[in-house]
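J.: Before we start, here is the structure in question, set down as structure tokens.
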Amino acid sequence: MKPQIKTILAIESSCDETACAIIRDGREMLANIIASQADLHAQFGGVVPEVAARSHIEVVIPVIEEALEEAKLTWDDIDAIAVTRGPGLIGSLLIGTLTAQVIAREKQKPLIGVNHILAHAYASFLTDKQQPDFPMLALVVSGGDTRLMLFQEDLSFETLGATRDDAAGEAFDKVAKLLGLPYPGGPNISRVAESGDDSAYSFPIAKLGPESLEFSFSGLKTAVLRQVQEIIGDQPGLSDLRKTYQLPPQAVSDIAASFEKTVVETLVRGLVRAYDRYSPASVVIGGGVSASKRLRKEILKAIPETHIVEPVFCTDNAAMIGALAYRMAQAGIGVNAEAETIEADSSLDVL
Ligand code: KG4
């Protein structure tokens, strides 16, 4: 009989967070360490892949050691190693997957390769007393993806609609940059939006058809750019989206509030449309943008039973990787008992 997997050490390094968590029985968190590189990338206005990979190399082992120390466990107590396979930045993913493989081989532990997007959807299984039921509707809104998924049962899902262009988080980051706000854009836009008038500007919600469950944010981003250029009297040019503009503080706050309102309306509208169509037993949201106070408030207004995790489990973390890995292990899916290779895949799909 195969040994039971109860305690999982999970590693996440898909973008600019190096994280390690130790999870028992899929939800009991024994350790949750997150080393964010946000300050490192802030000077460049966004994540620089080479800088991210180098930083992962430096901190991944200390982060794992810290997790073991926090959990007061040794390697003998760990039943399996889980690691993010993708999607993400290839250099960053490679550091996590190679580290996990070396440890698994050296310590003779099974390896579980986890899809990062699906793990965002499973973050709600970590902290809620009431676990989500199936069929489960999930909205994942992160820096790299925006996606509605329906899980008819555990680990079995279809994508109902995804973004046709930019992810919601990417739109936050790009709009923040053009408004001269620091990286990461989401929290900084939310902060200045608090003192802004959200009806000062009217930005468009992409019209993709009354039945569509897809999203699109690139038109919104361009609408914000044109508004900024109109305010300062600048002529539109081809590379304008990479520029940063100097606006009066109140205009920055008003644009941020109007932009945030439009993104939130877009997301809530899509989620409600899917909810009405599929009548799921539960609704979850995950991904960095779900840390937005405004989004959380509006989603709870529209669908009060939605499972919304603490902001620390919305942005990248390893606990959600451990939560999904546990369920995979229980179902006997994707567990590599011989500690062979886990291939990093930057464009790993969620088909
Ligand atoms: O899930 P995440 O940490 O990384 C990916 O898996 O992509 O998401 C990062 C994204 C960034 O684009 C960041 O601007 C956005 O989440 N974000 C927020 C907030 N906190 C982070 N967006 C809106 N409001 C926030 N409070």
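The values are calculated or read from the model by the stated rules, or taken from the named source; none is laboratory data. On a predicted model such as this, the values are computed, not experimentally measured, just so you know. Cβ coordinates were reconstructed from backbone atoms using ideal geometry, including for glycine residues, and neighbour counts include every protein chain displayed. Ligands, DNA and RNA are excluded from the accessible area calculation, which covers all protein heavy atoms including side chains. Shrake-Rupley method; radii C 1.70, N 1.55, O 1.52, S 1.80 Å.
J.: Round to a whole number: what % of the accessible area of segment 174-229 belongs to carbon and sulfur, probe 1.4 Å?
T.: 51
J.: What's the carbon and sulfur percent of segment 33-146's accessible surface, probe 1.4 angstrom, rounded to a whole number?
T.: On segment 33-146, the fraction of accessible area on carbon and sulfur atoms equals 53 percent.
J.: Could you name the lysines in cross-link range of K243, using Cα to Cα under 22 Å and dropping any fewer than eight places away on the same chain?
T.: Cα-Cα hits under 22 Å: K174, K177, K221.
J.: Related question: Rounded to the nearest 500, what is the 222 nm mean residue ellipticity of the chain from helices alone, with -39500 (n - 2.57) per DSSP H run of 4+ residues and division by all residues?
T.: Using -39500 (n - 2.57) per qualifying helix, the result is -13000 deg cm²/dmol.
J.: Placing +1 on the Cβ of each Lys and Arg and -1 on the Cβ of each Asp and Glu in the chain, which of V83, I64, Y245 has its Cα farthest towards the positive end of the resulting dipole?
T.: So the residue furthest toward the plus end is Y245.
J.: Quick check: from the Cα gyration tensor, does segment 44-144 come out rounded (a/c under 1.5), prolate or oblate?
T.: Taking the square roots of the gyration eigenvalues as a ≥ b ≥ c, segment 44-144 is oblate.
J.: For the ranges 210-223, 255-268, what's the packing order if you count other beta-carbon atoms within 10 Å of each residue, average per peptide, and put the highest first?
T.: In decreasing order of mean packing, 210-223, 255-268 become 255-268, 210-223.
J.: Can you tell me the relative contact order of the chain? Whole percent, Cα pairs under 8 Å, sequence separation 6 or more.
T.: Here the relative contact order equals 26 percent.
J.: Right, another one. Using 0.36 nm per residue, how much length does the chain from E230 to V272 gain when fully extended, once their Cα-Cα distance is taken away?
T.: Between E230 and V272, full extension yields 11.7 nm more.
J.: Next question, about the same structure. Accessible area per residue of segment 291-348 at 1.4 Å probe, in Å²?
T.: On a per-residue basis, segment 291-348 sits at 46 Å².
J.: If you don't mind, there's one more thing I want to ask. If R₀ is 45 angstrom, what is the calculated FRET efficiency for the pair D154 and A42, using the beta carbon separation as r and rounding to 0.05?
T.: 0.70
J.: Let me ask another. For the chain, what proportion of DSSP beta bridges, expressed in % and rounded to the nearest 5, is antiparallel?
T.: Percent antiparallel among DSSP bridges in the chain is about 60.
J.: While we're on this one: Among L225, S346, M29, which residue has its Cα positioned farthest towards the positive end of the charge dipole of the chain, with +1 placed on the Cβ of Lys and Arg, -1 on the Cβ of Asp and Glu, and the dipole taken about the Cα centre?
T.: About the Cα centre, the residue reaching furthest to the positive side is L225.
J.: Here is a follow-up. Computed FRET efficiency, Cβ-Cβ of A331 and K107, R0 25 Å: what is it to the nearest 0.05?
T.: Calculated transfer efficiency: 0.60.
J.: Round to a whole number: what % of the accessible area of segment 301-351 belongs to carbon and sulfur, probe 1.4 Å?
T.: With neighbouring chains kept in place, the figure for segment 301-351 is 49 percent.
J.: How many times 2.2 N^0.38 Å is the alpha carbon radius of gyration of segment 1-70?
T.: The reported ratio for this selection is 1.30.
J.: Expressed as a whole number of Å, what is the distance separating the alpha-carbon centroids of segment 266-288 and segment 121-185?
T.: The distance from the Cα centre of segment 121-185 to that of segment 266-288 comes to 10 Å.
J.: Which value results when the Cα radius of gyration for the chain is divided by 2.2 N^0.38 Å?
T.: Expressed relative to 2.2 N^0.38 Å, the Cα Rg reads 1.00.
J.: Now for a different question. Going 7 Å from the Cα of K293 toward and past its Cβ, which residues in segment 181-210 have a backbone nitrogen under 16 Å from where you end up?
T.: Inside the label zone: 186-198.
J.: What is the sum of charges, Lys and Arg at +1 and Asp and Glu at -1, for the other residues whose Cβ falls under 13 Å from the Cβ of E17?
T.: -4
J.: Taking the solvent-accessible surface of protein heavy atoms with a 1.4 Å probe, what is the per residue accessible area of segment 70-187 in Å²?
T.: Result: 36 Å² per residue.
J.: Report the residue, chosen from P182, P304, P135, that carries the largest GNM mean-square fluctuation when the chain is represented by alpha-carbon nodes joined by springs under 10 Å.
T.: The residue that fluctuates most here is P304.
J.: Run the dipole for the chain about the Cα centre, Lys and Arg Cβ at +1, Asp and Glu Cβ at -1, nothing else charged, and hand back the magnitude in debye, nearest 20.
T.: Magnitude of the dipole: close to 560 debye.
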